[in-house]
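A.B. asks: The structure is given below, and queries will be raised subsequently.
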Amino acid sequence: MIRTGRSRYVAALMAAAMGVAAAFSSSLNASASSVTTVPFTAVFYGCGSVDPTVNVSGDKILHFRDAVNFNYWVASTPLMTGPEFNTVNGNINLDTGFGVAHPHEVLTPVGYDGTWEFSVRIKVTPDGLLADAVGHGTGVFRGMLLKWTQTGSMEIGPGENPCGDLPFAATIAGEIQMPASAG
């Protein structure tokens, strides 16, 4: 095949792009093998809240904005034990009982100079809530990732909540991914 000046230029660009892609793929594979995964379970206790701005639209959708919640997490690892603050926006169809909420949460583990920031997706159903989250670390947790799923919720008795009288707690299971270069 005879190449014109333009086709030589395109071929050279494609070869360079393939070389970059191969190098990038190698570095991804190398870094993937140096990740430590720390599984955890946790209970988070409701400590308090501030009421959101609420309105109901003509189609019977309840819209809430800027709900604020304060919680305390007690986890199987100290990396996830401490106070947590979140703000929540959401929508619930009052006819069906289904909806979604999107908290943005910041957890500050006790004794560490860093936080976990995560985005949560809550599915609201007539039977309860289903939640999962992904996030990242700051400070000493920088470069680390986490994900979790709510595994249940429970009512708790007087004196069981470490941060107040709210009779609510949720159970969580997740994992922290710690690359060798993190922290």
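The values are calculated or read from the model by the stated rules, or taken from the named source; none is laboratory data. Bear in mind the structure is a predicted one, so any value in this text is a computation, not a measurement. Every residue, glycine as well, gets a Cβ built from its backbone with ideal geometry; the counts of neighbours run over all protein chains shown.
A.B. asks: In the range 148-174, how many residues are within 13 Å of the chain's Cα centre (by Cα) and surrounded by 14 or more Cβ atoms within 10 Å (Cβ to Cβ)?
C.D. replies: 5
A.B. asks: Okay, moving on. If you check residue 122 against the conditions, is it in a strand (DSSP E or B), in the same structural domain as residue 50 (by TED's automatic domain parsing) and farther than 20 Å from residue 174 by Cα?
C.D. replies: no
A.B. asks: Restricting to the range 92-108, name every residue that is under 19 Å from residue 50 (Cβ atoms) and in a strand (DSSP E or B).
C.D. replies: Scanning the range 92-108 gives 92, 101, 102, 103, 104, 105, 106, 107.
A.B. asks: Regarding the range 63-73, can at least one residue be identified that is more than 26 Å from residue 179 (Cα to Cα), loosely packed, with under 15 Cβ neighbours inside 10 Å and in contact (Cβ under 8 Å) with a residue 60 or more places away in the chain?
C.D. replies: No: zero hits.
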